[in-house]
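Engineer: Mind looking over this structure? Questions follow.
The values are calculated or read from the model by the stated rules, or taken from the named source; none is laboratory data. Everything numeric in this text was worked out from a predicted model, so none of it was measured. We place every Cβ from the backbone using ideal geometry, glycine too, and count neighbours over all the protein chains shown.
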Amino acid sequence: MTSSFSLTQRLARGFWQLSWLLLARWTPRPLHAWRVLLLRAWGAQVGEGCLVYADAVIWAPWQLTLGDGAAIGDAAEIYNVAPITLGARAVVSQKAFLCSASHDHRREDFPLTSAPITLGERAWVAARAIVLPGITIGAGAVVGAGSVVTRDVAAGCTVAGNPARVVRTAEGK
Amino acid sequence: MTSSFSLTQRLARGFWQLSWLLLARWTPRPLHAWRVLLLRAWGAQVGEGCLVYADAVIWAPWQLTLGDGAAIGDAAEIYNVAPITLGARAVVSQKAFLCSASHDHRREDFPLTSAPITLGERAWVAARAIVLPGITIGAGAVVGAGSVVTRDVAAGCTVAGNPARVVRTAEGK
Amino acid sequence: MTSSFSLTQRLARGFWQLSWLLLARWTPRPLHAWRVLLLRAWGAQVGEGCLVYADAVIWAPWQLTLGDGAAIGDAAEIYNVAPITLGARAVVSQKAFLCSASHDHRREDFPLTSAPITLGERAWVAARAIVLPGITIGAGAVVGAGSVVTRDVAAGCTVAGNPARVVRTAEGK
C-alpha cells in the first residue's frame, strides 16, 4: 500500500481536493451549475444540465465524463483511477461507490490495478450500491440499493443483491 | 432528478438541517434529552427515554415517530419522505439506513415514490443495514449488520444477507 | 442501549477521540509515522512501517495490534470493544468495518457482547466490507468489497458476497 502514483499525480489530486473543499463542498444544494463549472475547469467532460451534489467525492475530474442531465448524488464516490463515464441522464445515488481500482493481492508488492466503469443512458445506481472495476451497466438498467455489482449488467435489467443478480429483465420478467 | 418537492418543503428542510447543525450535531453524546427536545419542537412524536445520537441524520422530523426508549445510533440515516415509525425500544444502529423513498425509473421523469417504514417494539436494525420503502419489521425481529431488507420481516425473526433471508425464526429454528 | 461502559472507560475514550481530532484527523496524508506515534502513546501495539489514514476511526487504541506494514484505510472503522489484531502487511481498505461487538437481543436489557477479530499476515479486507465479532481471517485471504463476513475465512481464500462465500480457494479453484 505504498503509493501507486507519481508525485505529480498526487499533487494534482491534492490541489483538486483543496479546490473542491474551498469552492464547492459547502455550496448550497441548488448550485449544480457552479460545481459543474469547477469540474470542467479541472478537465471533466460534463454535458448540459448535470447535477453534482456538494458532498459527492470525485477522485480525478480529468477521468470523468458525464452525459447531459447525468446526476451524482450526495456522498456518492466516483473513484476513477481509470475513466468513469455516465451516459445521458444516468444517476448515481447517495453514497453509491463506483470503484474503478483494486489491488493484485497475489503479488508481494500489492500493486494497484484499474479498469474503466461505464453507465449507459438513464442507468441508475441506487443508494450505497458498489460497482466494481471494469463493469459496464447498460442503458436504462437499475442497480438496487446496497447491491454489489460484480458482472456487467445488460440494458434495461434490474439487478440487486450481493453479489447482484438479475431480478427483472428488460422484458419485465 | 429535478426536485420532487415544493419550495416550502425544501425551505422547511433547509431550516431543519440548519437547526440540527447549530444546536445538536456537536452536542456531547449523553445529551439525548436535549436532542429529543429539538426533534419534538420540529414535530417529531418522541416517547420517553429515547436515545438519538448527534450524528444521526433525520430527513424530516415531522414524519418521525419514536416509541419509549427507542434509539437511533451514530450516523444512522432516517430518510423519511414517507413516515417512519420505531416501536418502543426499537434500535437503529450506526450507519443503518431506513430508506422510505425510491424513484419510478420506468417513467421518463424519474418521479420520486415513497412508502412508510415501521419497526415493531424491540426490533433491531443492526449497523449499516438498509431497509427499503414500505417494509414492516415485526416486534423483536433482528436485521443483521450490512443486510438489505427487501421484504417484511416477521416478529421475532432474525434476517441477514443481501437480499436478507431468515436465518433464525421466532421459534429459534 | 443504556451505556455498557464504566465512566472511566467512557472518559478514556472521550479523551482519545479528542486527541485524534486535535492531533491527527486533519493531518496530511503522508504523516503516517506521526499518527502511529499517537496510537502508540494511547497503548496500541504498532509495528514498523504501518499506514493509518487520518480518517480512520479507531474505537480503543489500547485494544489494537498492528503487525509491521499493516494498513488502515480512509474512514475504515476499527470497532474494537474486544481486541482487534492485524498481522504483518494486512490491509483494511476505505470504509471497511471491523465490528467486534454486538448485542444479546434475546435479553431484556440488550447487553453488549464482544469477541476479538484477527486478520492474518497479508490478509486484505476490501472497501466497505464488514467483519463480524469473533471472526478470524487467515493469512493472505481476501474479503471482497462490500462483503459481510459471518464465518472464519481460511488462509489464502477469497470470499465475497453477503453473506460472504468462498469464490476462490487457496489452490485457485
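Engineer: Among the numbered criteria (1) surrounded by fewer than 15 Cβ atoms within 10 Å (Cβ to Cβ); (2) among the aliphatic types (A, V, I, L, M); (3) closer than 30 Å to B:GLY144 by Cα, which single criterion is violated by C:ILE72?
Structural biologist: (1)
Engineer: hydroxyl-bearing (Ser, Thr, Tyr) and either in a helix (DSSP H, G or I) or buried (at least 20 other Cβ atoms within 10 Å of the Cβ) (or both): does that describe A:SER19?
Structural biologist: Yes: the conditions hold for A:SER19.
Engineer: Are there any pairs, at least 6 apart or on different chains, whose C-beta atoms fall under 6 Å, with the first in the stretch C:23-40 and over 12 Å from C:ASP55 (Cα atoms) and the second at pLDDT 95 or above and exposed (fewer than 15 other Cβ atoms within 10 Å of the Cβ), and if so, which?
Structural biologist: Once the first residue is over 12 Å from C:ASP55 (Cα atoms) and sits in the stretch C:23-40, its partners that are at pLDDT 95 or above and exposed (fewer than 15 other Cβ atoms within 10 Å of the Cβ) give C:LEU38/C:LEU23.
Engineer: Right, here's the next one. Can you list the strands (runs of 3 or more DSSP E) lying wholly within the stretch B:38-87 that have 3 or more residues being within 18 Å of B:LEU18 (Cα to Cα)?
Structural biologist: B:77-79
Engineer: Residues that are surrounded by fewer than 17 Cβ atoms within 10 Å (Cβ to Cβ), basic (Lys, Arg) and closer than 24 Å to A:THR158 by Cβ: does the stretch B:126-141 have at least one?
Structural biologist: no
Engineer: Looking at the stretch C:94-121 only, could you name the residues that are buried (at least 24 other Cβ atoms within 10 Å of the Cβ) and over 14 Å from B:ALA127 (Cα atoms)?
Structural biologist: Across the stretch C:94-121, the qualifying residues are C:ILE117, C:LEU119.
Engineer: State the number of residues belonging to the stretch B:161-173 that are part of a loop (DSSP other than H, G, I, E, B) and either more than 10 Å from chain A (Cβ to nearest Cβ) or surrounded by 23 or more Cβ atoms within 10 Å (Cβ to Cβ) (or both). Break it down stepwise before answering.
Structural biologist: Within the stretch B:161-173, the subset part of a loop (DSSP other than H, G, I, E, B) is B:161-164, B:169-173.
Checking which are either more than 10 Å from chain A (Cβ to nearest Cβ) or surrounded by 23 or more Cβ atoms within 10 Å (Cβ to Cβ) (or both) leaves us with B:162, B:164, B:169-173.
Residues meeting the conditions: 7.
Engineer: Quick check on this structure: which one of A:LEU112, A:LEU119 is of a type in the set (A, V, I, L, M, F, W, C) and away from chain B (no Cβ under 14 Å)? Spell out the reasoning first.
Structural biologist: Details: A:LEU119 fails: away from chain B (no Cβ under 14 Å).
After applying the criteria, what remains is A:LEU112.
Engineer: Select from the stretch B:122-134 the residues that are under 15 Å from B:SER93 (Cα atoms) and within 14 Å of chain A (Cβ to nearest Cβ) and list them in ascending order. Can you show your working first?
Structural biologist: Initial filter on the stretch B:122-134 (under 15 Å from B:SER93 (Cα atoms)): B:122-131.
Once the filter is applied, which keeps residues that are under 15 Å from B:SER93 (Cα atoms) and within 14 Å of chain A (Cβ to nearest Cβ), the stretch B:122-134 yields B:VAL125, B:ALA126, B:ALA127, B:ARG128, B:ALA129, B:ILE130, B:VAL131.
Engineer: Can you pull out every residue in the stretch C:61-89 that is within 10 Å of another protein chain (Cβ to nearest Cβ) and closer than 20 Å to A:ASP104 by Cβ?
Structural biologist: Within the stretch C:61-89, C:GLY69, C:ALA70, C:ALA71, C:GLY73, C:ARG89 meet the criteria.
Engineer: Same structure again: Scanning the stretch B:90-106 for residues that are small (Gly, Ala, Ser) and more than 13 Å from chain A (Cβ to nearest Cβ), which turns out farthest from B:TRP16 (Cα to Cα)?
Structural biologist: Per the stated criteria, the residue is B:ALA90.
Engineer: Between a residue in the stretch B:136-160 that is more than 12 Å from chain C (Cβ to nearest Cβ) and any residue that is of a type in the set (Asp, Glu) and surrounded by fewer than 23 Cβ atoms within 10 Å (Cβ to Cβ), which pairs come within a Cβ distance under 8 Å, given they are 6 or more apart or on different chains?
Structural biologist: What qualifies is B:THR136/B:ASP152; B:ILE137/B:ASP152; B:GLY138/B:ASP152.
Engineer: Identify, from the list C:TRP34, C:TRP26, the residue that is surrounded by fewer than 20 Cβ atoms within 10 Å (Cβ to Cβ), more than 14 Å from chain B (Cβ to nearest Cβ) and more than 22 Å from C:ALA127 (Cα to Cα).
Structural biologist: Just one listed residue meets the conditions, C:TRP34.
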